[in-house]
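The values are calculated or read from the model by the stated rules, or taken from the named source; none is laboratory data. On a predicted model such as this, the values are computed, not experimentally measured, just so you know. In this analysis, Cβ positions are derived from the backbone assuming ideal geometry, glycine residues included, and neighbour counts consider all displayed protein chains.
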Amino acid sequence: MELNKLTRDWLLDLHHTKRLTLEGNILKVIQAAEGDEEFKKYLSDALEKDKENRRKRLEITKQVQERNRELSASGEEIKRINDELKEALEEAEEAKHEALQAKDEALNDLDLMQKRSQFELIGTIVRVALFIVLGVGIVTTIMYAIAMWTGKDTQIIGSTWSNMFGILLTNAFSIIGTIMGVKYASEKPKSE
């Protein structure tokens, strides 16, 4: 296909003034008129420039595709690492939960052992106090009974006997009250 003189001149002027040439498949169908060496050179230069531009675009396309493959591989690696981090975080949370449960169980066991020890101590103190109260009461009663059988004056021993029982009962209740107060003071409040 040959171009008319006006189009040919316009293309050459565009090339000289603005450094613009035709590109693409249109260059394959345009022919220069016989003897028009200037337009022939224009078409030849345009074809070379077009081939060079296509080669550069192809190279850029390959670089972009390679970069996309690398980014895709990096994205998959990042996803794999994120998944591993999520699993590790879940395992750590589970281990933390188990450790807190173990701590709570240990504290409950310790509290139970302390309460049992306190209960046993209180039971021992109450038994000893009762044995003392009963022992003194029995001894005083036996002495009062002997004094009555022997015919001795029982006025002093009778008042001593009644005072002794009053003191023993008061002390027994005092000991039990003190033990209960200590137990109450050593218990943790329910809000904890």
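Here are the numbers:
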{"item": "The range 18-54, residues that are free of Cβ contacts under 8 Å to residues at least 24 places away in the same chain, within 15 Å of Arg8 (Cα to Cα) and part of a helix (DSSP H, G or I)", "result": "Ile26, Leu27, Glu37, Lys40, Lys41, Leu43, Ser44"}
{"item": "Single condition Asp153 does not satisfy, out of (1) assigned to a helix (DSSP H, G or I); (2) under 24 Å from Phe165 (Cβ atoms)", "result": "(1)"}
{"item": "Within the range 11-47, considering residues that are closer than 15 Å to Met1 by Cα and basic (Lys, Arg), the one surrounded by the fewest Cβ atoms within 10 Å (Cβ to Cβ)", "result": "Lys28"}
{"item": "Where a residue in the range 122-148 is over 21 Å from Tyr184 (Cβ atoms) and its partner, wherever it lies, is in a helix (DSSP H, G or I) and of a type in the set (Val, Ile, Thr), with Cβ under 8 Å and at least six apart", "result": "Thr140/Thr160; Met143/Ile157; Tyr144/Ile157; Ala147/Ile157"}
{"item": "Check on Arg127, more than 21 Å from the chain's Cα centre (by Cα) and either within 30 Å of Gly158 (Cβ to Cβ) or in a helix (DSSP H, G or I) (or both)", "result": "yes"}
{"item": "Residue match in the range 84-104 (condition: assigned to a helix (DSSP H, G or I) and touching a Gly at 6+ places or on another chain (Cβ under 7 Å))", "result": "no"}
{"item": "Tally of residues being exposed (fewer than 15 other Cβ atoms within 10 Å of the Cβ) and aromatic (Phe, Trp, Tyr) across the range 120-150", "result": "2"}
{"item": "From Ser117, Ser162, residue being out of contact with any helix residue (DSSP H, G or I) (no Cβ under 7 Å at 6 or more places or on another chain), within 30 Å of Ile176 (Cα to Cα) and surrounded by 11 or more Cβ atoms within 10 Å (Cβ to Cβ)", "result": "Ser162"}
{"item": "Selection status of Ser174, at pLDDT below 75, under 30 Å from Glu120 (Cα atoms), among the hydroxyl-bearing types (Ser, Thr, Tyr) and out of contact with any strand residue (DSSP E or B) (no Cβ under 8 Å at 6 or more places or on another chain)", "result": "no"}
{"item": "Per-region count, the range 120-138, residues in contact with a helix residue (DSSP H, G or I) (Cβ under 9 Å, 6 or more places away or on another chain) and farther than 19 Å from Ile175 by Cα", "result": "0"}
{"item": "Condition met for Thr61 (out of contact with any helix residue (DSSP H, G or I) (no Cβ under 6 Å at 6 or more places or on another chain), surrounded by 10 or more Cβ atoms within 10 Å (Cβ to Cβ) and farther than 30 Å from Met180 by Cβ)", "result": "yes"}
